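**Student:** So that we are looking at the same thing, I have put the structure below in structure tokens.
The values are calculated or read from the model by the stated rules, or taken from the named source; none is laboratory data. In this text, all values refer to a predicted model and were calculated from it rather than measured experimentally. Neighbour counts run over all protein chains shown; Cβ positions are idealised from the backbone, glycine included. The accessibility values were calculated without ligands, DNA or RNA, using every heavy atom of the protein model including side chains. Shrake-Rupley method; radii C 1.70, N 1.55, O 1.52, S 1.80 Å.
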Amino acid sequence: MQKGNIGVTTENIFPVIKKFLYSDHEIFLREMVSNAVDATQKLKTYAEKGDFKGELGDLTIHINLDKEAKTLTIVDRGIGMTEEEINKYINQIAFSGVTDFLDKYKDNANAIIGHFGLGFYSSFMVADKVDIITKSYKDGAKAVKWSCDGSPEFSIEETDKADRGSEIVLHISDDCAEFLEHARVQALLSKYCKFMPISIAFGKKTEWKDGKQVDTAEDNIINDVEPLWTKTPSTLKDEDYKKFYQTLYPMQDEPLFWIHLNVDYPFTLTGILYFPRIKNNIDMQRNKIQLYCNQVFVTDQVEGIVPDFLTLLHGVIDSPDIPLNVSRSYLQSDSNVKKISTYITKKVADRLQSIFKEDRKNYEEKWDDLKIFINYGMLSQEDFYDRAKDFSLMKDVDGKSFTFDEYKTLIKDNQTDKNGELIYLYATDKDEQYTYIKAAQDKGYNVLMLDGQLDVPMVSMLEQKLEKSRFLRVDADIIDRLIVKEDKKESDLAKDDSEKLSQVFRSQMPKIEKAEFGVEVQALGEKVQPVLMTQSEYMRRMKEMSRFQPGMSFYAQMPDSYSVVLNSDHPLIKKVLGDTSSAVDEALKPVVSELKGQEARLAALHQTQSKKKPEEISQEEKDDLQNTEKAINEQRTKRDEILADYANGNAVVHQLIDLALLQNGMLKGEALDNFLKRSVDLIK
């Protein structure tokens with residue numbers, strides 16, 4: 001028997017491995033099975049080249065669990081090792097000093113194992129002792145057993161083993177007893193090994209017999225050695241892709257379509273990427289791409305490895321050019337990974353472009369599912385916008401779809417304002433904004449439907465991308481002020497009547513938390529509603545954008561600003577004005593007379609004092625000016641109180657205000673109940 005110390009530059013390698021790899025200790029099984037696969041693949045290669053002339057036979061790798069003995073064993077029929085090879089590959093570890101090791105790699109198991117070639121030694125994360133019983137495929141080779149108890153000391157001795165290959169026996173430590181549970185091992189094999197290229201058996205298949213599950217004689221093969229992405233696309237049918245998708249994501253809806261990747265220059269890459277049916281929550285859809293290296297699972301945390309928007313895709317990417325045992329930060333800076341990322345982005349864009357060109361009808365039908373993905377890509381990656389603008393669609397409220405160029409052609413003649421700006425009108429809710437949509441359509445305008453999760457930031461981006469273009473929601477203002485074709489028509493009302501109307505309605509506007517109302521009078525034509533309530537496009541958009549950009553959160557705290565426009569051409573508004581004048585003009589006469597007198601006096605004082613330097617104005621003149629302003633405010637207050645007292649009892653005023661609030665979804669609770677009762681009274 002040979003005894004010795006493992007060739008390392010520090011005595012405490014095993015405590016270090018155990019302590020600092022602990023958070024990722026489950027990867028030991030991937031490393032063990034990967035080594036067994038490599039040994040088997042090498043034997044197959046030697047056989048193909050004629051360097052091994054024996055029978056390959058059954059190459060299945062077996063994972064054996066013995067809970068009583070506290071062992072987990074990985075058995076292969078690969079090339080095995082001689083005593084000399086054990087000394088070379090197992091007993092000599094290229095280690096660069098414990099201090100540098102700890103500083104650089106203490107937080108990342110993959111980085112340690114990959115950097116130092118410690119795949120086999122990851123077994124000591126979970127085992128107190130490891131035995132290797134191995135016999136080389138070479139003629140005349142003797143079987144040997146290597147044992148190590150987690151210290152640098154090891155032993156090698158000859159042993160009996162009839163067959164070639166290796167058995168790695170892990171004596172699982174008490175603090176890692178979870179790896180003696182069948183379900184835990186099954187889950188790890190499914191996660192890391194389900195597509196490895198050599199058959200892997202874990203236990204036996206079971207069947208229901210005499211009221212219980214019993215083992216059969218048939219091996220339970222846990223992996224698919226030829227997963228779909230390794231096959232030639234021309235040999236596959238749509239059903240094959242859909243079935244594989246269900247294998248990857250058992251609970252997901254059927255995908256929209258897919259891309260089969262297959263490239264061998266300037267790097268090797270295979271895989272299948274699926275376009276899922278994305279619901280409302282983007283974050284729920286992330287991290288569904290599985291990254292493989294030669295069919296060995298690496299990670300499903302692909303942010304930074306592929307562009308952010310591609311993390312919404314589902315599927316598999318497999319490349320030997322993606323290092324298996326490295327940290328994500330390394331992957332993100334690796335030049336091969338960057339090339340792969342660029343290639344995938346191009347393939348995705350090309351696939352979408354081809355579907356759009358070849359079967360536009362099918363593409364349009366799937367647009368509602370594709371939209372969030374494509375919008376996310378255009379928002380997050382400049383070069384993707386340049387590719388996607390030709391197959392990105394705009395959908396109007398009638399469900400018709402247009403490319404950006406098609407839509408511009410559709411609206412440019414009718415929706416260009418007097419300043420030459422093209423106005424894109426849009427709605428976010430067909431039912432709630434019906435009146436505003438109808439008003440726009442009555443003018444011959446087209447209205448887009450923008451009700452998607454990313455439409456608010458998309459609108460802001462498109463305003464920058466599309467020349468001389470603005471997006472306005474249909475309820476952002478009255479239609480004639482959304483697309484201004486000519487200078488607005490002034491109301492025929494006298495200034496006093498206009499102020500009288502404004503105050504009547506202003507005094508009765510409800511007190512709603514975080515809402516402010518401004519009232520104005522404008523001539524809109526007899527057929528337009530008597531009262532229209534609109535919300536500023538700018539403020540609403542800023543508030544909506546604050547949901548996406550934390551730095552804009554102060555907008556969310558600001559009150560909603562509404563503009564209440566009284567249509568002076570409408571018979572009901574004329575009636576309100578007439579009734580108001582009849583009821584209050586007599587009471588207003590002395591107030592208005594005094595007000596006008598004081599306003600005339602104020603104008604005269606301003607004119608006189610404007611000709612003097614500030615230091616030339618006497619205190620008496622300053623007091624006179626201040627007293628006049630005070631008198632004006634007092635008379636205005638009296639006038640407003642007279643109008644408010646009258647308006648308070650005017651059912652038509654309240655009904656018109658409530659109708660405008662109702663249209664904007666702002667009439668609730670007691671106010672809604674009062675509206676309903678008043679409606680009945682007015683009908684009587």
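**Student:** Please specify each residue of segment 31-57 satisfying the condition of being in contact (Cβ under 8 Å) with a residue 40 or more places away in the chain and of a type outside the set (G, A, S).
**Tutor:** Passing the criteria: E31, M32, V33, N35, V37, D38, T40, Q41, L43, Y46, F52.
**Student:** Also, quick follow-up: Going by the structure shown, is G420 surrounded by fewer than 18 Cβ atoms within 10 Å (Cβ to Cβ), among the small types (G, A, S), without any contact (Cβ under 8 Å) to a residue 40 or more places away in the chain and within 30 Å of Q529 (Cα to Cα)?
**Tutor:** It is false that G420 is surrounded by fewer than 18 Cβ atoms within 10 Å (Cβ to Cβ), among the small types (G, A, S), without any contact (Cβ under 8 Å) to a residue 40 or more places away in the chain and within 30 Å of Q529 (Cα to Cα).
**Student:** Tally time: how many residues in segment 617-639 are open to solvent by 90 Å² or more (accessible area, probe 1.4 Å) and either within 14 Å of A587 (Cα to Cα) or aromatic (F, W, Y) (or both)?
**Tutor:** 2
**Student:** A further question on this structure: Inspect segment 80-89 for any residue being modelled with pLDDT of 80 or more, assigned to a helix (DSSP H, G or I) and either open to solvent by less than 30 Å² (accessible area, probe 1.4 Å) or on the phi > 0 side of the Ramachandran plot (or both) and give the result as yes or no.
**Tutor:** Checked segment 80-89: at least one residue is modelled with pLDDT of 80 or more, assigned to a helix (DSSP H, G or I) and either open to solvent by less than 30 Å² (accessible area, probe 1.4 Å) or on the phi > 0 side of the Ramachandran plot (or both).
**Student:** Identify the residue in segment 425-465 that is under 30 Å from F384 (Cα atoms), at pLDDT 90 or above and of a type in the set (S, T, Y) and, among all such residues, is nearest to the chain's Cα centre (by Cα).
**Tutor:** That would be T428.
**Student:** OK, next. Please list, ordered by first then second residue, the pairs with beta carbon atoms under 7 Å, 6 or more apart or interchain, first in segment 443-467 and charged (D, E, K, R), second at pLDDT below 90.
**Tutor:** K443/I479
**Student:** Only residues in segment 585-604 that are closer than 17 Å to D645 by Cα count as the first member; pair them with residues that are surrounded by fewer than 16 Cβ atoms within 10 Å (Cβ to Cβ) and not hydroxyl-bearing (S, T, Y), Cβ under 8 angstrom, at least 6 apart or cross-chain, and list the lot.
**Tutor:** From segment 585-604, the pairs are V592/D496.
**Student:** Answer yes or no: is there a residue in segment 139-157 that is touching a residue at least 40 places away in the same chain (Cβ under 8 Å), outside any helix (DSSP H, G or I), of a type in the set (S, T, N, Q) and open to solvent by less than 10 Å² (accessible area, probe 1.4 Å).
**Tutor:** no
**Student:** State whether the residues of segment 405-415 include one that is surrounded by 17 or more Cβ atoms within 10 Å (Cβ to Cβ), of a type in the set (F, W, Y), assigned to a helix (DSSP H, G or I) and in contact with a helix residue (DSSP H, G or I) (Cβ under 8 Å, 6 or more places away or on another chain).
**Tutor:** Restricting attention to segment 405-415, the residues satisfying the condition of being surrounded by 17 or more Cβ atoms within 10 Å (Cβ to Cβ) are 407-408, 411, 415.
Of the ones still in play, those that are also of a type in the set (F, W, Y) are 407.
Restricting the remaining residues to those that are assigned to a helix (DSSP H, G or I) gives 407.
Keeping just the survivors that are in contact with a helix residue (DSSP H, G or I) (Cβ under 8 Å, 6 or more places away or on another chain) gives none.
Checking segment 405-415: not a single residue is surrounded by 17 or more Cβ atoms within 10 Å (Cβ to Cβ), of a type in the set (F, W, Y), assigned to a helix (DSSP H, G or I) and in contact with a helix residue (DSSP H, G or I) (Cβ under 8 Å, 6 or more places away or on another chain).
**Student:** Here's something else I'd like to know. For a quick check of your reading: which strands (runs of 3 or more DSSP E) sit entirely within segment 196-282 and have at least 1 residues that are open to solvent by 60 Å² or more (accessible area, probe 1.4 Å) and either under 30 Å from K44 (Cα atoms) or modelled with pLDDT of 90 or more (or both)?
**Tutor:** Strands (runs of 3 or more DSSP E) meeting the threshold: 200-209, 212-221, 257-263.
**Student:** Sort through V484, V504 and tell me the only one that's of a type in the set (V, I, T) and either touching a Leu at 6+ places or on another chain (Cβ under 6 Å) or in a helix (DSSP H, G or I) (or both).
**Tutor:** Values: V484 fails: either touching a Leu at 6+ places or on another chain (Cβ under 6 Å) or in a helix (DSSP H, G or I) (or both).
Exactly one residue qualifies, and that residue is V504.
**Student:** OK, next. Is it the case that segment 664-674 has a residue that's assigned to a loop (DSSP other than H, G, I, E, B), at pLDDT below 90 and charged (D, E, K, R)?
**Tutor:** Yes, the conditions are met somewhere in segment 664-674.
**Student:** Show the residue pairs meeting these rules: Cβ distance below 6 Å; 6+ apart or different chains; first residue within segment 61-79 and on the phi < 0 side of the Ramachandran plot and open to solvent by 60 Å² or more (accessible area, probe 1.4 Å); second residue of a type in the set (V, I, T) and not in a loop (DSSP other than H, G, I, E, B).
**Tutor:** N64/T73
**Student:** Related question: If you scan segment 640-650, which residues turn out to be open to solvent by less than 40 Å² (accessible area, probe 1.4 Å) and within 17 Å of K677 (Cα to Cα)?
**Tutor:** The answer is N650, and nothing else.
**Student:** Quick check: is even one residue across segment 103-112 within 29 Å of Y292 (Cβ to Cβ), among the small types (G, A, S), surrounded by 19 or more Cβ atoms within 10 Å (Cβ to Cβ) and at pLDDT 90 or above?
**Tutor:** Looking for residues that are within 29 Å of Y292 (Cβ to Cβ), among the small types (G, A, S), surrounded by 19 or more Cβ atoms within 10 Å (Cβ to Cβ) and at pLDDT 90 or above, one finds none in segment 103-112, hence no.
Each row is one residue, and each column tells you yes or no for (1) under 55 Å from the mean Cα position of the chain (by Cα); (2) not charged (D, E, K, R).
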{"residue": "S563", "(1), (2)": "yes, yes"}
{"residue": "H570", "(1), (2)": "yes, yes"}
{"residue": "H606", "(1), (2)": "no, yes"}
{"residue": "K612", "(1), (2)": "no, no"}
{"residue": "Q635", "(1), (2)": "no, yes"}
{"residue": "F675", "(1), (2)": "yes, yes"}
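**Student:** Which of the residues that make up segment 670-679 are over 13 Å from K511 (Cβ atoms) and surrounded by fewer than 16 Cβ atoms within 10 Å (Cβ to Cβ)?
**Tutor:** Answer for segment 670-679, where residues must be over 13 Å from K511 (Cβ atoms) and surrounded by fewer than 16 Cβ atoms within 10 Å (Cβ to Cβ): L672, D673, N674, L676, K677, R678, S679.
**Student:** In the list K468, K511, which residue meets the criterion of being out of contact with any helix residue (DSSP H, G or I) (no Cβ under 7 Å at 6 or more places or on another chain), open to solvent by 20 Å² or more (accessible area, probe 1.4 Å) and at pLDDT below 90? Explain how you work it out, then say what you get.
**Tutor:** Working: K468 fails: at pLDDT below 90.
When all the criteria are applied, what remains is K511.
**Student:** Looking at segment 651-669, which of its residues are open to solvent by 60 Å² or more (accessible area, probe 1.4 Å) and closer than 20 Å to V519 by Cβ?
**Tutor:** Within segment 651-669, L659, L662 meet the criteria.
**Student:** Let me ask something else. I'd like to check something: does segment 431-445 contain any residue that is open to solvent by less than 20 Å² (accessible area, probe 1.4 Å), part of a loop (DSSP other than H, G, I, E, B) and farther than 16 Å from V484 by Cα?
**Tutor:** Yes, the conditions are met somewhere in segment 431-445.
**Student:** Right, here's the next one. Report, by residue number, each residue of segment 179-195 that is under 13 Å from L29 (Cα atoms) and open to solvent by 70 Å² or more (accessible area, probe 1.4 Å).
**Tutor:** Pass one, segment 179-195, residues under 13 Å from L29 (Cα atoms): 179-180, 184-194.
Of everything in segment 179-195, just one residue is under 13 Å from L29 (Cα atoms) and open to solvent by 70 Å² or more (accessible area, probe 1.4 Å), namely K191.
**Student:** Tell me, which residue of segment 605-632 that is free of Cβ contacts under 8 Å to residues at least 24 places away in the same chain and among the β-branched types (V, I, T) is farthest from L643 (Cα to Cα)? I'd like the intermediate steps shown before the answer.
**Tutor:** Just the residues of segment 605-632 that are free of Cβ contacts under 8 Å to residues at least 24 places away in the same chain, to begin with: 605-627, 630.
Filter again for among the β-branched types (V, I, T), leaving 608, 617.
Values: T608: 34, I617: 38 Å.
Only one residue tops the list, namely I617.
**Student:** Taking I172, is it farther than 17 Å from V296 by Cα, buried (at least 16 other Cβ atoms within 10 Å of the Cβ) and in contact (Cβ under 8 Å) with a residue 24 or more places away in the chain? It would help to see each step written out before you state the result.
**Tutor:** Values: farther than 17 Å from V296 by Cα: yes; buried (at least 16 other Cβ atoms within 10 Å of the Cβ): yes; in contact (Cβ under 8 Å) with a residue 24 or more places away in the chain: yes.
For I172, the condition - farther than 17 Å from V296 by Cα, buried (at least 16 other Cβ atoms within 10 Å of the Cβ) and in contact (Cβ under 8 Å) with a residue 24 or more places away in the chain - is met.
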